[in-house]
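As structure tokens, the structure follows; a few thoughts come after it.
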Amino acid sequence: MPHAWSSLGRHRDLLAMLVARNLKVRYKNSALGFFWTLLGPLFLILVYAAFLGIMRFEIDLRVLVSGILVWQFLAMCAGDALQAISGNANLVKKAAFPRGILVLSMALANLLNFLLSLLVLAVYLAIAGTTLGAFGWLPLAIVSQFALCLGLGLALAAANVYFRDTEHIMGTVLMAWFFLTPIIYAAALVTDRFAARPWIGRLYFLNPMAGLVSAYRRFFLGATDVEPVAILLSCAVAWLVLAAGVAIFHRAEPRFAEVL
């Protein structure tokens, strides 16, 4: 790993300050402030419950809400990453400043928000009487999704310095990615179509979010419709995205100050 990344441990105080700054900026001028981190998921559950009840769609609210909360973590990281470098030119132009810490602090701030939203989800599922699955799937899913979000964030942050159209392109990519991921449906709807040739169905899990969403549902909902090997394949892809993101960022970093 590049020296700049290996030295991040010496900047723990700076990292904590940047994470706090990112959280404060999100809730700036808000009367309830950080409390919205808990209210947001709660309102999301209530709105979808009312919508599904009125429209009488045959969609399991637990499946829908769990998928959307997981997706929001990725979408928020992708959106924030676009300005992580280009929006902090004054810091980036300082030669001794570790640029990667800007992306890392963004991902950590979103992780904190996400963990609190999972707490709200857990309370809702407990009230609904949902039986949990094996606990090991939860830390695997969280750590692997954080790796995916950080890797994607590093790549997007670097790309947006050189190609400002990245922001507009990513909006379209995220929309397509959303529908290719089992957010509003169960992954089994895809894999069951290839039951006779399961290796084709497994290719679907090269989309890392497909397996990660399934891993969360395996814990929170006790869902076993996706085989463990498919989930592990998605987790492996997530870590490959992190490795690729670090490499892309390291390659692009030397000219950040010049371009900005």
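The values are calculated or read from the model by the stated rules, or taken from the named source; none is laboratory data. All of these numbers come straight from a predicted model, not from anything done at the bench. Because the Cβ atoms are built from the backbone with ideal geometry, glycine has one as well, and the counts that use them run over all protein chains shown.
Quick notes
- Looking across segment 54-92, the residues that are in a loop (DSSP other than H, G, I, E, B) and at pLDDT 85 or above come down to LEU82, GLN83, ALA84, ILE85, SER86, GLY87, ASN88.
- Residue match in segment 160-168 (condition: acidic (Asp, Glu) and in a helix (DSSP H, G or I)): yes
- Restricting attention to segment 172-184, the residues that are without any contact (Cβ under 8 Å) to a residue 60 or more places away in the chain, surrounded by 12 or more Cβ atoms within 10 Å (Cβ to Cβ) and not aliphatic (A, V, I, L, M) total 1.
- Checking each residue in segment 87-135 for being without any contact (Cβ under 8 Å) to a residue 40 or more places away in the chain and under 14 Å from LEU221 (Cα atoms) picks out VAL123, ALA126, ILE127, GLY129.
- Residue that is at pLDDT 90 or above, buried (at least 21 other Cβ atoms within 10 Å of the Cβ) and under 28 Å from ALA247 (Cα atoms), where the choices are ALA141, ALA236: ALA141
- Given (1) closer than 22 Å to SER234 by Cβ; (2) in contact with an Asp or Glu (Cβ under 9 Å, 6 or more places away or on another chain); (3) not aromatic (Phe, Trp, Tyr), index of the condition GLY100 fails: (1)
- The single condition among (1) under 19 Å from the mean Cα position of the chain (by Cα); (2) among the hydrophobic types (A, V, I, L, M, F, W, C); (3) assigned to a helix (DSSP H, G or I) that LEU125 does not meet is (1).
- With respect to (1) part of a helix (DSSP H, G or I); (2) at pLDDT below 90, the lone exception for THR224 is condition (1).
- Residue check for ALA196: more than 21 Å from the chain's Cα centre (by Cα), free of Cβ contacts under 8 Å to residues at least 60 places away in the same chain and not in a helix (DSSP H, G or I): yes
- Exactly one residue out of ALA230, ALA252, ALA244 is out of contact with any Phe, Trp or Tyr (no Cβ under 9 Å at 6 or more places or on another chain) and either assigned to a helix (DSSP H, G or I) or surrounded by 15 or more Cβ atoms within 10 Å (Cβ to Cβ) (or both): that is ALA244.
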